[in-house]
Each structure stands twice: as structure tokens, then as C-alpha cells.
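What follows is a single structure, written as C-alpha cells, with notes after it.
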Amino acid sequence: RLVEDGNTEPLSEFFLSLSDDDEDFITGTIISDNTVERVIEHSKTGTEYFVIDSEKHRFLSLLSMVVPSNDAFVGNSEPRQYQLFDDDENLFIDRTILWDGSNVW
């Protein structure tokens with residue numbers, strides 16, 4: 001469904017099925033600012049806020065379709081690639097995630 005209409009629910013449900021505790025994963029869809037559109041067009045932005053728990057939500061995974069194609073995606077294939085907190089539960093404030101052409105599938 002992500003390819004067809006930007007619906008992230010099936011993927012979110014899959015992640016939630018991987019754990020006995022629904023609180024282990026925070027899922028959400030970042031939509032274009034000031035609209036209900038799921039597609040964030042060129043030069044537009046999207047913003048979303050999430051409440052995270054440093055004991056449960058230590059890592060970040062992202063996935064996005066590259067438009068106008070519905071055959072290209074960017075994301076991380078390793079679920080523990082982006083750590084949000086260090087071992088002392090301090091948030092990595094200066095965290096930059098840079099994707100280039102090698103991250104497009």
C-alpha cells in the first residue's frame with residue numbers, strides 16, 4: 001500500500017507484530033505541512049512530533065518513496081543503524097542522516 005497511496009499502516013502493523021509490547025515501536029506517517037497530502041512535493045517540508053522513551057525507543061528507522069517514481073525508495077535496511085541514545089540514555093542531539101543515490105532501491 002505504500003507504493004499505491006502512501007499508506008504506511010501495513011508496514012506499521014508488521015513492525016508492531018514483531019514485539020509482544022506495542023510500546024516497543026512508535027510508528028507514524030509524516031505528511032506535507034499544511035495539508036493532508038501524504039506526498040511531500042519538491043521544495044516542500046513535512047513535520048511530525050513523536051514522544052520517545054529512552055529505554056524502549058533507542059533506534060530510528062525510516063522509509064520513503066521517491067516521487068514521481070513509485071518504484072524507488074530510500075530508507076535504512078538495518079533496524080539498528082541509527083541509534084537515538086547513547087549507553088547513558090543521552091539523546092544524540094547533533095544527529096545528521098544523509099542519504100544519497102546508494103540508499104535508493
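The values are calculated or read from the model by the stated rules, or taken from the named source; none is laboratory data. Computed from a predicted model, the values in this text were never measured in an experiment. As a convention, Cβ positions derive from the backbone with ideal geometry for all residues, glycine included, and neighbour counts pool all protein chains shown. Only protein heavy atoms, including side chains, enter the accessible area calculation; ligands, DNA and RNA are left aside. Shrake-Rupley method; radii C 1.70, N 1.55, O 1.52, S 1.80 Å.
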Tally time: how many residues in segment 57-67 are outside any loop (DSSP other than H, G, I, E, B) and either more than 22 Å from S19 (Cβ to Cβ) or in contact with a Lys or Arg (Cβ under 6 Å, 6 or more places away or on another chain) (or both)? 3
Is at least one residue of segment 37-56 closer than 16 Å to T8 by Cα and in contact with a helix residue (DSSP H, G or I) (Cβ under 6 Å, 6 or more places away or on another chain)? no
Restricting attention to segment 67-101, which residues are open to solvent by 50 Å² or more (accessible area, probe 1.4 Å), among the aliphatic types (A, V, I, L, M) and in contact (Cβ under 8 Å) with a residue 24 or more places away in the chain? V67, L91, I97
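Please tell me if F59 is in contact with a Leu (Cβ under 8 Å, 6 or more places away or on another chain) and modelled with pLDDT of 80 or more.
Taking the combined requirement at face value, the residue satisfies it.
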Residues (open to solvent by less than 60 Å² (accessible area, probe 1.4 Å), at pLDDT 80 or above and part of a loop (DSSP other than H, G, I, E, B)) located in segment 1-56: D33, S54
